[in-house]
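What follows is a short report on a single structure.
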């Protein structure tokens, strides 16, 4: 076993003072820390950091020294000999392990490595910053053949299937560290410990590899060190997906109800790629955002009648048999959000947009007895949606002369990177209420225009939480803990850069 605490904090900074500050922060959260010596600006800064650590040795901590050369994807530009000298200095300063990439190990005589670094434990590593064309099993065998104390294989994955191949290298009986890299591999990175990886890396501050998850998120959002093969896996799929706050919402619910489950964001370019991972990862359910809400229908075994009528699914439950059942909780979010603000029966409501989200809004309003109007860039889509709910398609040129009880934005206009844009102009907002399904920022450009005209506004936050708690209840069969779930989302929103926005997912 490399270390008792399997989440390894990565300290990476250009100067020793900043590196020491990161080191102290890391010690408050974990006892296993990697020192990226190659990130320091020069040899003097490396020696300054190691000197400070040598004078203040920390008992109980497992320190790993890394001085990766540029040829292996690191930042150190010195020779292999200089690299080995710095690693030897790190061992004398209190590091128990050193990470040596195969590029250096292949060039240096084993006797030289043993003389300089024999007092430490060797983690022999191989890194692939594009998806490897060679067999990773063969790479693992080659590394093991050099008899290190542990091996690490880090590889970029452009698909979920590729990330699973990297996970398969892990073995709880061996000191093998598997590191799937890239945004598509984020779920596999979080699940690596539960699949037998000896360590999982997480940066204190600066990401040192593609797709890294912050130390705080690994420990508190995903609780990666607490996950096992029995942990239920859920997620949200979309493209893009990094913006989604669904992991914050759902993981808060699991923790509040003490359910052994984790909720992960899956970047999905191809639905078949994700669907192939359901069984290997033990996925029990998933949420769906753009652009897959309608495409998923062809892969379902069963579909809730309302979701089928809407023609879009945002929630899937995976049965023990592997069968997929689809639901749409977006319409629940619409009704719960709007019915407390206006009497929906007989109200005239304009929906901006005609995609999957707009369809959920339209069906919800029609079910509640509203008179539904639709406007969209593509007039044929607007007419089709309006016709399906017995509503009316409205040409945008008519909007300055029309009046509505409410206007609902169901388009992505206003989300990052279009945060300064609005789907409608101020003179087109002739209504009592504007509801924007975007929840980040909480006050969009559309809402600002409405407020200047004295019009009441609603953020998409309430809808997001309502549809998310409905998903939680479908998956778990338990009542959603609304307060902690809402607090988690509000806290995440408060910590975000206000210039970054996203749509409901």
Taking the number of other C-beta atoms within 10 Å as the exposure measure, put 67, 431 in order starting with the fewest. 431, 67
Quick one: grab the alpha carbon gyration tensor of region 343-464, order the square roots of its eigenvalues as a ≥ b ≥ c, and give me rounded if a/c is under 1.5, else prolate or oblate depending on whether a/b is larger than b/c. rounded
Express the C-alpha Rg of region 7-229 as a ratio against the empirical globular expectation 2.2 N^0.38 Å, rounded to two decimals. 0.95
In whole Å, how far is the Cα centre of region 409-459 from that of region 92-169? 52
By average Cβ neighbour count within 10 Å, what is the ranking of 231-241, 397-407 from highest down? 231-241, 397-407
Exposure proxy ranking, count of Cβ atoms within 10 Å, fewest first, for 483, 462: 483, 462
According to the square roots a ≥ b ≥ c of the eigenvalues of the Cα gyration tensor, what is the shape class of region 1-90, taking rounded for a/c under 1.5, prolate for a/b larger than b/c otherwise, and oblate for the remainder? prolate
Bin all alpha-carbon pair distances of the chain at 20 Å intervals from 0 and give each bin's fraction as a whole percent. 22, 45, 26, 7, 0
Quick check on region 258-302: take the gyration tensor over C-alpha atoms, sort the square-rooted eigenvalues as a ≥ b ≥ c, and tell me if it's rounded (a/c under 1.5), prolate or oblate. prolate
Expected sort for 33-46, 160-173, 186-199 on mean C-beta neighbours within 10 Å, highest first, is 186-199, 33-46, 160-173
Sort 447, 463 so that the residue with the fewest other Cβ atoms within 10 Å of its own Cβ comes first and the one with the most comes last. 447, 463
Potential extension, residue 426-residue 228 segment - 0.36 nm per residue separation minus Cα distance: 66.0 nm
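Read-outs throughout are calculated quantities, based only on the coordinates presented, and are distinct from any laboratory measurement. From a predicted model like this one, the values you see are computed outputs, not experimental measurements. We place every Cβ from the backbone using ideal geometry, glycine too, and count neighbours over all the protein chains shown.
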